[in-house]
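What follows is one structure encoded as structure tokens, with my remarks underneath.
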Amino acid sequence: MTGDWLADERTELAAQRILDAAARLFADRGVANTQMADIAKAAGCSRATVYRYFENRHAVRLAFVHREARRIGAAVVDEVDGIADPGERIVTAVLTAVRAVRADPLLIAWFRPADAGLAVEIGQSSQVIAALATAFLPDSIAGQRDRARLARWLTRIVVSLLTVPGVDDADERAMLEHFVAPLFTRA
């Protein structure tokens, strides 16, 4: 047997450790204020090690957002599973995503005024987030271009609710039911 059969596991573990350290710093210092040297120190490694796994700060941010988006996406899938009404499915999906982000101090930090622009930029440019959002769209929406555009729009709604919340949960649900759900329930 040749090679290090644990290399892949160690690589993944090291990358996750770096992302976990970055997440804590994002929450404590802000996303924009977190530097690669800070991440290395918090992860207990050198800057060279961080750069071995992530090309730059944007790559760290993107990897973190994608990891968390996949986790939240799985929670949303569990929550909307079995909801047949397309309007209610979208409302529940959006509210579940918003609640999951708000409940996690490591995630809601991205939506502070100083960092919200970074969240919007990644949210609108990430193919991973778009793919997750597309998964909640009804099959009746034909055309990949329309589905992709609608997924980006839903991402904007989630980001909007996170940066400029409604009065309360009931207000947010009412807005989604009044303005968003009808788009999915039209004949």
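The values are calculated or read from the model by the stated rules, or taken from the named source; none is laboratory data. From a predicted model like this one, the values you see are computed outputs, not experimental measurements. When we count neighbours, we look across all protein chains shown, and the Cβ atoms used for this are built from the backbone with ideal geometry, even at glycine. Only protein heavy atoms, including side chains, enter the accessible area calculation; ligands, DNA and RNA are left aside. Shrake-Rupley method; radii C 1.70, N 1.55, O 1.52, S 1.80 Å.
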**OP:** Using only protein heavy atoms and a 1.4 Å probe, report how much of S126 is accessible, in Å² to the nearest 10.
**Re:** 10
**OP:** Output ³J(HN,Hα) for region 36-44: one whole-Hz value per residue in order, computed from phi by the Karplus curve 6.51 cos²θ - 1.76 cosθ + 1.60 with θ = phi - 60°, and x for Gly and Pro.
**Re:** 4, 5, 5, 5, 4, 4, 5, 7, x
Original post:
In the full protein assembly as shown, how much of R47 is accessible to a 1.4 Å probe, in Å² to the nearest 10?
Top reply: 130
Subject >> Net +/- balance of residues flanking G30 in space, Cβ distance below 13 Å, scoring K and R +1, D and E -1 >> reply: +2
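Ignoring ligands, DNA and RNA, what accessible area per residue does the chain give at 1.4 Å, in Å²? Don't jump to the answer; show the numbers that get you there.
Numbers: 10540 Å² over 187 residues.
I get 56 Å² per residue for this part.
Taking all protein chains together and a probe of 1.4 Å, list L183, L13 from the most accessible to the least accessible. Write down the numbers at each step before the final one.
Working: L183 80, L13 120 Å².
Heavy-atom accessible area, descending, gives L13, L183.
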Original post:
In nm, what is the difference between 0.36 nm times the number of residues separating E12 and L183 and their Cα-Cα distance?
Top reply: 57.4 nm
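If each residue of separation counts as 0.36 nm, what is the full-extension length gain between V77 and A174 once their alpha-carbon separation is subtracted? Write down the numbers at each step before the final one.
On the way: separation 97, 0.36 × 97 = 34.92 nm, distance 2.17 nm.
Once the chain is fully extended between V77 and A174, it gains 32.8 nm.
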Subject >> Solvent exposure ordering (accessible area, 1.4 Å, most first) of H66, H58 >> reply: H58, H66
Original post:
Got a number for the accessible area of F184? Probe 1.4 Å, square angstrom, nearest 10.
Top reply: 10
